[in-house]
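Student: Can you read through this structure? Questions will come right after.
The values are calculated or read from the model by the stated rules, or taken from the named source; none is laboratory data. This structure is a prediction, so every number in the text was calculated from the model and none was measured. Please note: Cβ atoms are built from the backbone with ideal geometry, for glycine as well, and neighbour counts cover all protein chains shown. In case anyone asks, the SASA skips ligands and DNA or RNA and just uses the protein heavy atoms, side chains included. Shrake-Rupley method; radii C 1.70, N 1.55, O 1.52, S 1.80 Å.
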Amino acid sequence: MKKRLFYAAGFFTLLFSTHCFGRTWAANANIPFRFQVGTVSMPPGEYRISQSESTVTFKGLDGGPIATVLSRFTSVPGRPHNPSLEFHRYGNQHFLANIWVADWQEVMISRSKLEKELTREAK
């Protein structure tokens, strides 16, 4: 099974409440497919995504499941990127991989145990 990168750029509307040094922000996203955030399977729908220091939280706007995962904030100077969500896809399974917050700011999401297993199988 081959891993493919999938961007959901068109579905990610950034509504920043950013504090530069605290690395805190929030955004809304409409994700049209089932996806995995850490160990939680999230149904298609609208989500409020927020980061506070080293964690990212996905909360369904319709009261659905909530997922919180560890993240790492990095800067990638010279790599322009629109705000977007990046997923890894294995067959019909999607895993949140990265969140591009601004032109050079990336939030890297820790891989779940299931995604690590699928990565090994794909090789």
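Student: How many residues does segment 46-58 hold that are under 14 Å from L96 (Cβ atoms) and either modelled with pLDDT of 90 or more or open to solvent by less than 10 Å² (accessible area, probe 1.4 Å) (or both)?
Tutor: 6
Student: Tally time: how many residues in segment 59-75 are in contact (Cβ under 8 Å) with a residue 12 or more places away in the chain and exposed (fewer than 13 other Cβ atoms within 10 Å of the Cβ)? Walk me through it before giving the result.
Tutor: As a first pass, look at segment 59-75 and keep what is in contact (Cβ under 8 Å) with a residue 12 or more places away in the chain: 59-62, 64-75.
Right, trim to exposed (fewer than 13 other Cβ atoms within 10 Å of the Cβ) and you get 61-62, 70, 72, 74-75.
Number satisfying all stated conditions: 6.
Student: Looking at segment 97-111, can you tell me whether even one residue there is open to solvent by 70 Å² or more (accessible area, probe 1.4 Å), in contact (Cβ under 8 Å) with a residue 12 or more places away in the chain and under 18 Å from T39 (Cα atoms)? Spell out the reasoning first.
Tutor: Let us first name the residues in segment 97-111 that are open to solvent by 70 Å² or more (accessible area, probe 1.4 Å), namely 103-104, 111.
Remaining after also requiring in contact (Cβ under 8 Å) with a residue 12 or more places away in the chain: 103-104, 111.
Within this subset, residues satisfying the condition of being under 18 Å from T39 (Cα atoms) are 111.
Yes, some residue in segment 97-111 is open to solvent by 70 Å² or more (accessible area, probe 1.4 Å), in contact (Cβ under 8 Å) with a residue 12 or more places away in the chain and under 18 Å from T39 (Cα atoms).
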